[in-house]
Amino acid sequence: MWRNALALRQVFQRTISTASRRQLENRVSEGQKLFQEDNGLPVHLKGGAKDSLLYRTTAGLTVFGTMYAFYYLLVSSMPKKPN
């Protein structure tokens, strides 16, 4: 039992100690150049086609949701017809 606990402890120590050795590439300056570029686009669309699609989908869902809410508000404000 103690042997398994010690082996498990060594595995955890290895993963923690080797994780700090891996270095990630810093790409912040590339993003800063993209978003600070003066090309006439608003900042929420400077990411390209993916941002444009996300923006239009969000706007469409918002308009649809608002119209749906007004429809149900209208339906619920009308009195029910007796049979």
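The values are calculated or read from the model by the stated rules, or taken from the named source; none is laboratory data. Fair warning: this is a prediction, and the values are worked out from it, not measured in the lab. Please note: Cβ atoms are built from the backbone with ideal geometry, for glycine as well, and neighbour counts cover all protein chains shown. Heads up: the accessible areas ignore ligands, DNA and RNA and are worked out on the full protein's heavy atoms, side chains in. Shrake-Rupley method; radii C 1.70, N 1.55, O 1.52, S 1.80 Å.
Please identify the pairs in which a residue from the range 28-43 that is under 20 Å from Tyr55 (Cα atoms) has its Cβ atom under 9 Å from the Cβ atom of a residue that is part of a loop (DSSP other than H, G, I, E, B) and β-branched (Val, Ile, Thr), counting only partners at least 6 apart or on another chain.
The qualifying pairs do not exist here.
Looking at the chain, what helices (runs of 4 or more DSSP H) fall wholly within it and have at least 3 residues that are open to solvent by 100 Å² or more (accessible area, probe 1.4 Å) and modelled with pLDDT under 75?
2-19
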